[in-house]
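The values are calculated or read from the model by the stated rules, or taken from the named source; none is laboratory data. In this text the structure is predicted, and so the values were computed from the model without any measurement. Protein only, heavy atoms only, side chains kept; ligands, DNA and RNA dropped before computing areas. Shrake-Rupley method; radii C 1.70, N 1.55, O 1.52, S 1.80 Å.
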Amino acid sequence: MGASARLLRAAIMGAPGSGKGTVSSRIIKHFELKHLSSGDLLRDNMLRGTGFPRTVPQAEALDRVCQLDTVINLNVPFEVIKQRLTARWIHPGSGRVYNIEFNPPKTVGLDDLTGEPLVQREDDRPETVNKRLKAYEAQTKPVLEYYQKKGVLETFSGTETNKMWPHIYSFLQTKVPQTIQKASVTP
(Lines give C-alpha, C1' and ligand atoms only; values in the text may rest on other atoms or scores of the structure.)
Protein backbone atom coordinates (compact mmCIF):
# COMPACT_ATOMS: atom_id res chain seq x y z
CA MET A 1 0.00 0.00 0.00
CA GLY A 2 2.61 2.59 1.04
CA ALA A 3 1.92 6.12 -0.22
CA SER A 4 -1.51 5.22 -1.54
CA ALA A 5 -2.74 4.27 1.95
CA ARG A 6 -5.90 6.09 3.00
CA LEU A 7 -4.95 9.19 4.94
CA LEU A 8 -7.42 12.07 5.20
CA ARG A 9 -10.21 12.78 2.75
CA ALA A 10 -11.20 16.43 2.86
CA ALA A 11 -13.20 18.91 0.81
CA ILE A 12 -13.25 22.71 1.01
CA MET A 13 -16.50 24.60 0.55
CA GLY A 14 -17.11 28.32 0.35
CA ALA A 15 -18.72 30.96 -1.83
CA PRO A 16 -16.93 32.37 -4.89
CA GLY A 17 -14.24 34.71 -3.55
CA SER A 18 -14.21 33.18 -0.04
CA GLY A 19 -10.56 32.11 -0.33
CA LYS A 20 -10.84 28.42 -1.29
CA GLY A 21 -7.94 28.68 -3.74
CA THR A 22 -5.65 30.33 -1.21
CA VAL A 23 -6.55 27.86 1.55
CA SER A 24 -6.14 24.89 -0.83
CA SER A 25 -2.66 25.97 -1.88
CA ARG A 26 -1.62 26.54 1.76
CA ILE A 27 -2.92 23.11 2.77
CA ILE A 28 -0.98 21.54 -0.10
CA LYS A 29 2.16 23.43 0.93
CA HIS A 30 1.98 22.70 4.66
CA PHE A 31 0.57 19.18 4.73
CA GLU A 32 1.52 17.75 1.32
CA LEU A 33 -1.45 16.97 -0.88
CA LYS A 34 -1.26 13.19 -0.46
CA HIS A 35 -2.02 13.60 3.24
CA LEU A 36 -5.20 15.42 2.45
CA SER A 37 -7.10 14.03 -0.41
CA SER A 38 -7.49 10.74 -2.05
CA GLY A 39 -8.65 10.31 -5.62
CA ASP A 40 -7.95 12.42 -8.68
CA LEU A 41 -11.41 13.99 -8.59
CA LEU A 42 -10.94 15.62 -5.18
CA ARG A 43 -7.32 16.51 -5.89
CA ASP A 44 -8.26 18.18 -9.15
CA ASN A 45 -11.16 20.05 -7.55
CA MET A 46 -8.97 21.20 -4.67
CA LEU A 47 -6.37 22.55 -7.07
CA ARG A 48 -8.98 24.39 -9.12
CA GLY A 49 -10.95 25.40 -6.02
CA THR A 50 -14.23 24.47 -7.69
CA GLY A 51 -15.86 23.26 -4.43
CA PHE A 52 -17.29 19.89 -5.51
CA PRO A 53 -19.74 18.58 -4.22
CA ARG A 54 -22.18 21.40 -4.93
CA THR A 55 -25.49 19.56 -4.53
CA VAL A 56 -26.86 16.90 -2.15
CA PRO A 57 -27.07 14.26 -4.92
CA GLN A 58 -23.37 14.93 -5.69
CA ALA A 59 -22.54 14.60 -1.98
CA GLU A 60 -24.45 11.31 -1.79
CA ALA A 61 -22.74 10.03 -4.95
CA LEU A 62 -19.35 10.96 -3.49
CA ASP A 63 -20.20 9.09 -0.26
CA ARG A 64 -20.84 5.94 -2.25
CA VAL A 65 -17.31 6.16 -3.71
CA CYS A 66 -15.47 7.46 -0.64
CA GLN A 67 -16.52 8.93 2.69
CA LEU A 68 -15.11 12.38 3.48
CA ASP A 69 -13.40 12.64 6.87
CA THR A 70 -13.87 16.37 7.03
CA VAL A 71 -15.51 19.19 5.12
CA ILE A 72 -13.98 22.61 5.69
CA ASN A 73 -16.51 25.40 5.21
CA LEU A 74 -15.16 28.93 4.69
CA ASN A 75 -17.86 31.23 6.01
CA VAL A 76 -17.03 34.75 4.84
CA PRO A 77 -19.71 37.49 4.98
CA PHE A 78 -21.16 38.22 1.54
CA GLU A 79 -20.46 41.96 1.98
CA VAL A 80 -16.74 41.20 2.33
CA ILE A 81 -16.80 38.89 -0.70
CA LYS A 82 -18.63 41.55 -2.73
CA GLN A 83 -15.94 44.11 -1.88
CA ARG A 84 -13.25 41.58 -2.80
CA LEU A 85 -14.76 40.58 -6.13
CA THR A 86 -15.88 44.03 -7.27
CA ALA A 87 -12.53 45.68 -6.46
CA ARG A 88 -10.96 44.43 -9.72
CA TRP A 89 -10.74 46.77 -12.76
CA ILE A 90 -9.03 46.11 -16.08
CA HIS A 91 -7.46 48.18 -18.85
CA PRO A 92 -8.93 46.49 -21.95
CA GLY A 93 -6.13 47.56 -24.30
CA SER A 94 -3.27 46.00 -22.36
CA GLY A 95 -4.99 43.61 -19.94
CA ARG A 96 -3.43 45.44 -16.96
CA VAL A 97 -5.35 44.58 -13.78
CA TYR A 98 -5.94 46.96 -10.88
CA ASN A 99 -7.43 46.22 -7.49
CA ILE A 100 -9.02 49.18 -5.72
CA GLU A 101 -7.81 47.85 -2.34
CA PHE A 102 -4.35 46.38 -3.04
CA ASN A 103 -3.15 47.85 -6.30
CA PRO A 104 -5.21 50.95 -7.18
CA PRO A 105 -4.60 53.10 -10.26
CA LYS A 106 -2.96 56.51 -9.62
CA THR A 107 -6.16 58.18 -10.84
CA VAL A 108 -9.47 56.51 -9.99
CA GLY A 109 -10.94 54.75 -13.04
CA LEU A 110 -8.00 55.46 -15.38
CA ASP A 111 -5.05 53.38 -16.58
CA ASP A 112 -1.67 54.53 -15.17
CA LEU A 113 0.17 54.41 -18.50
CA THR A 114 -2.39 55.51 -21.10
CA GLY A 115 -4.94 57.45 -19.02
CA GLU A 116 -7.68 55.44 -20.77
CA PRO A 117 -10.80 54.34 -18.83
CA LEU A 118 -10.75 51.07 -16.89
CA VAL A 119 -13.59 48.56 -17.16
CA GLN A 120 -15.02 45.84 -14.94
CA ARG A 121 -15.36 42.30 -16.21
CA GLU A 122 -18.96 41.08 -16.34
CA ASP A 123 -18.12 38.57 -13.58
CA ASP A 124 -16.86 41.34 -11.29
CA ARG A 125 -19.88 43.65 -11.58
CA PRO A 126 -21.87 44.03 -8.34
CA GLU A 127 -25.12 42.72 -9.85
CA THR A 128 -23.37 39.61 -11.26
CA VAL A 129 -21.56 39.01 -7.96
CA ASN A 130 -24.92 39.28 -6.13
CA LYS A 131 -26.47 36.67 -8.43
CA ARG A 132 -23.52 34.30 -8.02
CA LEU A 133 -23.59 34.58 -4.22
CA LYS A 134 -27.37 34.04 -4.03
CA ALA A 135 -27.10 30.99 -6.30
CA TYR A 136 -24.25 29.60 -4.19
CA GLU A 137 -26.23 30.05 -0.98
CA ALA A 138 -29.39 28.41 -2.35
CA GLN A 139 -27.48 25.47 -3.81
CA THR A 140 -25.06 24.89 -0.96
CA LYS A 141 -27.11 25.28 2.22
CA PRO A 142 -28.55 21.74 1.89
CA VAL A 143 -25.07 20.31 1.22
CA LEU A 144 -23.68 21.97 4.36
CA GLU A 145 -26.67 20.63 6.35
CA TYR A 146 -26.02 17.16 4.92
CA TYR A 147 -22.39 17.19 6.14
CA GLN A 148 -23.40 18.79 9.46
CA LYS A 149 -25.76 15.84 10.12
CA LYS A 150 -22.95 13.41 9.28
CA GLY A 151 -20.75 15.18 11.82
CA VAL A 152 -17.91 16.01 9.40
CA LEU A 153 -18.55 19.73 8.81
CA GLU A 154 -16.08 22.19 10.31
CA THR A 155 -16.95 25.86 9.72
CA PHE A 156 -14.40 28.67 9.92
CA SER A 157 -15.81 32.18 9.96
CA GLY A 158 -13.98 35.41 9.29
CA THR A 159 -13.29 38.23 6.90
CA GLU A 160 -9.60 37.59 6.10
CA THR A 161 -7.98 34.36 4.93
CA ASN A 162 -4.77 35.25 6.81
CA LYS A 163 -6.69 35.40 10.10
CA MET A 164 -8.72 32.24 9.39
CA TRP A 165 -5.71 30.17 8.27
CA PRO A 166 -4.12 29.57 11.73
CA HIS A 167 -7.43 28.06 12.93
CA ILE A 168 -7.74 25.86 9.83
CA TYR A 169 -4.11 24.79 10.24
CA SER A 170 -4.58 23.89 13.94
CA PHE A 171 -7.74 21.94 13.13
CA LEU A 172 -6.01 19.97 10.35
CA GLN A 173 -3.07 19.20 12.64
CA THR A 174 -5.51 17.38 14.95
CA LYS A 175 -6.80 15.37 11.96
CA VAL A 176 -3.60 14.60 10.08
CA PRO A 177 -1.19 13.16 12.73
CA GLN A 178 -3.31 10.08 13.59
CA THR A 179 -3.73 9.23 9.92
CA ILE A 180 0.01 9.65 9.22
CA GLN A 181 0.85 7.36 12.18
CA LYS A 182 -1.58 4.72 10.89
CA ALA A 183 -0.11 4.96 7.41
CA SER A 184 3.50 4.68 8.59
CA VAL A 185 2.91 1.31 10.29
CA THR A 186 3.97 -1.09 7.56
CA PRO A 187 3.14 -4.81 7.81
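Just a few scattered comments:
- Share of carbon and sulfur in the accessible heavy-atom surface of region 50-92 [1.4 Å probe, %]: 56 percent
- Extended-chain gain in nm, criterion 0.36 nm per residue less alpha-carbon gap, R121 and N75: 14.1 nm
- Pairs exceeding 23 Å between alpha-carbon atoms, taken from K82/K150; K82/K134; K141/K175: K82/K150; K141/K175.
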